[in-house]
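Chemist: This is the structure, below, for whatever I ask next.
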Amino acid sequence: MSTLSNSFLAPNTPSKLTQKFQNRLILKYPKCPTHHRISCSLIEPDGGSLKNLVVPAGPARDTRVKEAATAGQALRRVRLKRVDLEWVHVLSEGWASPLGGFMRESEFLQTLHFNSIRLDDGSFVNMSVPIVLAIDDEKKNEIGERKRVLLVDQNDKAVAFLNDIEIYKHNKEERIARTWGTTARGLPYVEEAIINAGNWLVGGDLEVIEPIKYNDGLDQYRLSPSQLRDEFSRRNADAVFAFQLRNPVHNGHALLMTDTRRRLLEMGYKNPILLLHPLGGYTKADDVPLSWRMKQHEKVLEEGVLNPETTVVAIFPSPMHYAGPTEVQWHAKARINAGANFYIVGRDPAGMGHPIEKRDLYDADHGKKVLSMAPGLEKLNILPFRVAAYDKTQGKMDFFDQSRPEDFVFISGTKMRSLAKNKENPPDGFMCPGGWKVLVEYYEGIAAVQSKKKIGVPASV
């Protein structure tokens, strides 16, 4: 067994990791002297500064709005799908810094084959997921030799200019194989955004006309990296630890987050702040929708499961790939740009079940191992958390004790959804009552819609 595997499977044994990796897996060894060398200030963005690709309000924006309205046939238009618009959002706010737009071919190939991009000064940053814009043969021919296009939404509203463009071949099989490690049919993001996409990719410098808004009642949660950094500074944070999720928060999650803060305090930090950061872009059909997840998260704070004074809840606008160890690098890298210097990672991050076979698509431990070694993420401290389960003897979620496994019950996401669908209550202490009520209401709504469909009544009635 490798040394790295031993460090995760036997956390109480002496570490044999290299000094470099010890610094990034610090919570496994709370007395390690290397802890004292960790910076207390907000982490520097990749490339040294955040990319803000939104045209400033005022005369500059007015000019771009007028130009888009009067361009006519001088500019060819590329219509954005929902996922494309989400990527425009991601790029515009600097989550992918130092990227300045949709990837050109050199950036695309480096991302696919190296999970990183080399900068002009010879340094490199992590980039594991391609951020690209596809066009079809007809649109490619229409653009011709032009070096600038106008990006519009599904209602033909101007969204952005893409400048100094480069068009290159979209090798879908290579992209899928390198990103997911399989070309098996049924991968959600592939079916949504790649299979039926065009055979060409267009990259270039992005100039977004105005901030991306969805007008869905949740825009106040969509804080940019710059806004998050301002909020962390306002709260006098000397450490920021990020927790990404795409599921409702149960008390096991909360235990992991509160225990992390306790351990950071023990390490000498004075005011570590939690970034609770649910993914807000595309997710697969059977995931709980963002609006319901946000309602549930609100209850978690209202009922004191997490402390509002030390927690910032915001939406991460990225689409979800379900690409396991490859994608979790993107999730971690983006949080660097938001100011997080600690990233919590658990079992099978960004993973899913195999779309054809009855097994997980990825090894459950590979995500956290890859993060500890990923090029370009050296400045981020990785926090692999312990397994939490429901302790029957205490009537609450607690860290799993291997000496008494019979006392613990693991309530999977599938089991949780089944209970909520059937209006059954989980064991007391599994989730805050208000949060559970939100889940039950969501599944009640689904059942009502399905029932109407069966009898031929329109869902809106």
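Chemist: Rounding to the nearest 20 debye, state how big the charge dipole of the range 59-208 is about its Cα centre with +1 on each Lys and Arg Cβ and -1 on each Asp and Glu Cβ. Can you show the working numbers first?
Modeler: Values: 21 positive and 24 negative charges, 48 e Å.
Charge dipole, the range 59-208, about its Cα centre: 240 debye, nearest 20.
Chemist: Sort ASP286, ASP84 so the one with the fewest other Cβ atoms within 10 Å of its own Cβ comes first.
Modeler: Details: ASP286 9, ASP84 22.
So the ranking, lowest neighbour count to highest, is ASP286, ASP84.
Chemist: Another one. Net charge around THR70, counting only other residues with Cβ within less than 13 Å of its Cβ (Lys, Arg = +1; Asp, Glu = -1)?
Modeler: Details: positive: ARG64, LYS66; negative: ASP62, GLU67.
That sum, taken over residues with Cβ under 13 Å, equals 0.
Chemist: Oh, and also: What order, most packed first, do the peptides 320-327, 372-379 have when packing is the mean number of other Cβ atoms within 10 Å of each residue?
Modeler: 320-327, 372-379
Chemist: Along the charge dipole of the chain, Cβ charges K/R +1 and D/E -1, which of VAL240, ALA338, GLY203 sits furthest on the positive end?
Modeler: Comparing the listed Cα positions along the dipole, VAL240 ranks first.
Chemist: Have a look at GLY434, ALA193, GLY144 and report the one farthest towards the positive end of the charge dipole of the chain, computed about the Cα centre with Cβ charges (Lys/Arg +1, Asp/Glu -1).
Modeler: GLY434
Chemist: Could you list the GluC sites (Glu not before Pro) in the range 141-172 that lie in coil according to DSSP, counting only those with at most 16 other Cβ atoms within 10 Å of their Cβ?
Modeler: On the way: sites: GLU142, GLU145, GLU166; in loops: GLU145.
Answer by residue number: GLU145.
Chemist: Next question, about the same structure. For the pair GLU145 and ASP120, what calculated FRET efficiency results from E = 1/(1 + (r/R0)^6), where r is the Cβ-Cβ distance and R0 = 30 Å, to the nearest 0.05?
Modeler: Working: r = 26 Å, r/R0 = 0.88.
Efficiency at R0 = 30 Å is approximately 0.70.
Chemist: Suppose only helical runs count, i.e. DSSP H with n ≥ 4. What mean residue ellipticity at 222 nm does that imply for the chain under -39500 (n - 2.57) per run, divided by all residues and rounded to the nearest 500 deg cm²/dmol?
Modeler: -10500 deg cm²/dmol
Chemist: What is the extension gain from GLU166 to ASP137, computed as 0.36 nm multiplied by their sequence separation minus the C-alpha to C-alpha distance, in nm to one decimal?
Modeler: Working it through step by step, the gained length comes to 9.0 nm.
Chemist: Something else about it: Under 37 °C and 0.692 mPa s, how fast does the range 59-208 diffuse according to Stokes-Einstein, given a Kirkwood radius computed over C-alpha pairs? Answer in µm²/s, whole number.
Modeler: Taking Rh from Cα pairs, D becomes 204 µm²/s.
Chemist: Can you put PHE161, PHE400 in order, fewest other beta carbons within 10 Å first?
Modeler: Exposure proxy ranking, most exposed first: PHE400, PHE161.
Chemist: Is there a quick way to get the dipole size of the range 127-196? I mean about its Cα centre, with the Cβ of Lys and Arg at +1 and of Asp and Glu at -1; what is the value in debye to the nearest 20?
Modeler: Here the range 127-196 has a charge dipole of around 180 debye.
Chemist: Next question. How do SER233, SER412 rank when sorted from fewest to most other Cβ atoms within 10 Å of their own Cβ? It would help to have the intermediate numbers written out before the result.
Modeler: Details: SER233 12, SER412 8.
Fewest-to-most ranking of SER233, SER412: SER412, SER233.
Chemist: If you take the beta carbon distance between ALA177 and PHE400 as r and set R0 to 41 Å, what does 1/(1 + (r/R0)^6) give as a FRET efficiency, to the nearest 0.05?
Modeler: After rounding, the FRET efficiency stands at 0.70.
Chemist: Another question about this same structure. Share of antiparallel DSSP beta bridges in the range 59-208, in percent to the nearest 5?
Modeler: Details: 18 of 22 bridges.
Antiparallel: roughly 80 percent of the beta bridges in the range 59-208.
Chemist: Please compute, for the alpha-carbon atoms of the chain, the extent along each of the three principal axes and give them in descending order in Å.
Modeler: 71, 64, 45
Chemist: Where does each of 65-78, 214-227, 107-120 land if you order them by average Cβ count within 10 Å, highest first?
Modeler: The peptides rank, most packed first, as 107-120, 214-227, 65-78.
Chemist: If you take every DSSP beta bridge fully contained in the chain, what fraction is antiparallel? Give it as a percent rounded to 5. Don't skip to the end; give the middle numbers.
Modeler: Working: 25 of 47 bridges.
In the chain, approximately 55 percent of DSSP beta bridges are antiparallel ones.
Chemist: Residue farthest toward the positive end of the dipole of the chain, with Cβ of Lys/Arg at +1 and Asp/Glu at -1: which of THR311, LEU290, GLY122?
Modeler: Most positive-ward Cα: THR311.
Chemist: Work out the length of the dipole vector of the chain about its Cα centre, built from +1 on the beta-carbon of each Lys and Arg and -1 on the beta-carbon of each Asp and Glu, and round it to the nearest 20 debye.
Modeler: 520
Chemist: Given a cut-off of under 8 Å on Cα pairs at least six residues apart, what relative contact order in percent is computed for the range 305-461?
Modeler: Working: 155 pairs, mean separation 23.8, N = 157.
Averaging sequence separation for qualifying contacts and normalising by length gives 15 percent for the range 305-461.
Quick note: the coordinates plus some simple rules give every number you see, no bench work behind them. The structure displayed is predicted, hence computed values, not measured ones. FYI the Cβ positions are ideal-geometry reconstructions off the backbone, even for glycines, and counts take in every protein chain you see.
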